[in-house]
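The values are calculated or read from the model by the stated rules, or taken from the named source; none is laboratory data. What you see is a predicted model, and the numbers here were worked out from it, not measured in a lab. Here the Cβ positions follow ideal geometry from the backbone for every residue, glycine too, while neighbour counts run over all protein chains shown.
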Amino acid sequence: MPAKGKHRRPKSQRVTRAAAVASAGGAALALPLIGATGAHAATDSAATDAKTYTVKAGDTLSKIAEAQHVDGGWKKLYDGNKDVVGADAGVIKPGMKLALDGAAATTTASTASTADYVKPVDGSIGTPYHSNGSMWSSGYHTGTDFVVPTGTAIKAVGAGTVVSAGMDGAYGNEVVIQHADGRYSQYAHMSSLGVSAGQTVTAGQQIGLSGATGNVTGPHLHFEIRTSPSYGSDVDPLAYLREHGVSI
Ligand SMILES: [Zn+2]
C-alpha cells in the first residue's frame, strides 16, 4: 500500500479523498432525517426509489415480509414502521403504507461515519519515532521523519483546527493542528506554509510544502502526534495513524 501511494500523483489522490469525504458527509447529513420520528415519511419523500407497500385486507407483517423479501423479516419491517403500525405488531389495517427498506437505509448510513485519516505526505520513512541520539534535546526522536524532496505537498492527517503556523526554532516552518479527539499533529521543516492559525482543515488538505528549514541535515518532513500543542507530549505517530485506519 505505501509503495502504491508513493507513485500515485498527489492530485489524483486528493480527488479521491475529497470524494470519500463528500460521500461520508452525505451519509452523515442523511442520519438526522432517518433518526427523526417521521422515519418512513422522510425516506419516502427523500428517496424516490424507496420501496413502500400498501397494506391489503388479510395481510400480516410476516406475510408482507416474506412476499416482499424484507431482510430481517417481519420484526425488521415492524421496527421500521412502528409509528405507522402502532404498538401492536399483530394489527395492521388496509391502506397503511409501510416502508420496506427504511430500516436497511438506517443501517447503511450509520456504518459510513468512520473518521477519515491520511498520511501526512507520500514518502518513505526515514528516522523512526523514539530513535536514540544526542542530536535531539529530549535524548530521543519525538516524531517520525518522511524522506521527501523540498516542495512536496504536506497534508493534514485528519480534520481539525490549525493551532499555530509559523517559524519555531529548530523545527523551522511548522504547523500544529488540533484534532477532534484532542490529539495534535505537528509538521516541521516546511519550505512554505499554506495555512494560518485558527483555520479549519479537512483530512488530506494541503497545508504547505516540505522543506529543510530549521535544524536539519537535508529536506524531510518531521511529523509528530502530541497530547498537547507543546513539545514533549509526543506519542507514537505511526501507531496513531494506524489506529485511524491509515496503512503505513
Ligand atoms: Zn525528525
Exactly one of (1) loosely packed, with under 15 Cβ neighbours inside 10 Å; (2) at pLDDT 80 or above; (3) in a helix (DSSP H, G or I) is unmet by residue 56. Its number? (3)
Within region 143-173, restricting attention to residues that are crowded, with 17+ Cβ neighbours inside 10 Å, within 16 Å of residue 230 (Cβ to Cβ) and over 25 Å from the mean Cα position of the chain (by Cα), which residue is nearest to the ligand (Cβ to nearest atom)? 171
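Tell me whether region 187-196 contains one or more residues that are within 15 Å of residue 118 (Cβ to Cβ) and either within 14 Å of the ligand (Cβ to nearest atom) or modelled with pLDDT of 95 or more (or both). Even if it seems obvious, please write down each step before you answer.
Going residue by residue through region 187-196, those that are within 15 Å of residue 118 (Cβ to Cβ) are 187.
Okay, now just the ones that are also either within 14 Å of the ligand (Cβ to nearest atom) or modelled with pLDDT of 95 or more (or both), so 187.
Looking through region 187-196, at least one residue is within 15 Å of residue 118 (Cβ to Cβ) and either within 14 Å of the ligand (Cβ to nearest atom) or modelled with pLDDT of 95 or more (or both).
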Would it be correct to say that residue 138 is assigned by TED's automatic domain parsing to the domain that holds residue 228 and at pLDDT below 95? yes
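Residue 243 - would you say it is within 16 Å of the ligand (Cβ to nearest atom), on the phi < 0 side of the Ramachandran plot and of a type in the set (D, E, K, R)? Quick ask: steps written out before the conclusion?
Details: within 16 Å of the ligand (Cβ to nearest atom): no; on the phi < 0 side of the Ramachandran plot: yes; of a type in the set (D, E, K, R): yes.
No; evaluated as a whole, the condition is false for this residue.
Give me a count of the residues in region 209-231 that are within 21 Å of residue 244 (Cβ to Cβ) and away from the ligand (no atom under 16 Å from the Cβ).
Narrowing region 209-231 to residues within 21 Å of residue 244 (Cβ to Cβ): 221-229.
Narrowing the set further to residues that are away from the ligand (no atom under 16 Å from the Cβ) leaves 227-229.
Looking only at that region, the number is 3.
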Of all residues in region 100-123, which are more than 23 Å from the chain's Cα centre (by Cα) and at pLDDT 70 or above? 100, 101
